[in-house]
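Notes follow once the structure below has been shown.
A short reminder: the numbers here are calculations on the coordinates, not readings from a lab. None of the values given here were measured: they were computed from a predicted structure. Note: ideal-geometry Cβ built from the backbone for every residue, glycine included; neighbour counts use all protein chains shown.
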Amino acid sequence: MSLQLNGWRRLGVVAATLWLLGVIAIAVTEYTSKSNGFFVSQTIPVGTAIQGNTVTLPDGKVITITEEEEFELRRSLERKLGRLKAGQPINPWKIDWSKVRGVPKTTEIRWLRLVSFGLLTPMFVWLITEATALIVAWVKRGFIGRASN
């Protein structure tokens with residue numbers, strides 16, 4: 001049994017394949033660039049402890065964040081979140097770790113975004129397109145049957 005696809009469905013298969021390849025290419029580019037992106041984020045290693053301006057890595061190495069870096073982090077957070085009170089601690093999950101030079105980073109893939117944009121988006125578009133075509137054909141058949149009576 002062979003699957004019969006008309007020209008429009010074949011075009012849909014080609015478009016969905018190109019979409020998936022494009023999303024994968026963007027994700028690979030972001031992953032290799034070692035910076036934050038839509039599908040990739042730079043975070044600190046799991047098990048890192050932060051206390052004040054010192055960062056203790058899981059291997060025991062201690063890194064001190066300089067005052068300039070802390071000032072830059074506060075300024076970028078104020079731009080993003082609004083005014084911070086003087087001396088208010090910065091929560092680690094709010095810090096853009098890609099801007100802190102001394103702390104090593106790990107690259108994490110945002111899998112939900114990657115799967116959503118890579119697979120679910122073309123599937124959803126395909127479903128809407130097929131449903132629209134079926135509804136239009138059904139309505140058209142209704143008018144053709146009415147005209148012959």
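For the reader, a short list of remarks on this structure follows.
- Using R0 = 35 Å, the C-beta based FRET efficiency linking THR66 and SER33 works out to 0.90.
- Model label points for PHE143 and ALA15, set 7 angstrom from Cα along the Cα-to-Cβ axis, are 2.3 nm apart.
- Ranking of ILE128, ILE24, ILE65 by neighbouring Cβ atoms within 10 Å, starting from the fewest: ILE128, ILE24, ILE65.
- Lysines with Cα under 18 Å of LYS80, excluding same-chain neighbours fewer than 8 positions away: LYS94, LYS99
- Local charge for ALA133 was computed over the other residues whose Cβ lies under 14 Å away, with Lys and Arg +1 and Asp and Glu -1, and equals +2.
- Cut-off 14 Å between beta-carbons: net charge of the residues surrounding GLU68, Lys and Arg +1, Asp and Glu -1: 0
- Remark: spin-label model distance THR54-SER116 equals 4.0 nm, labels positioned 7 Å along the Cα→Cβ axis.
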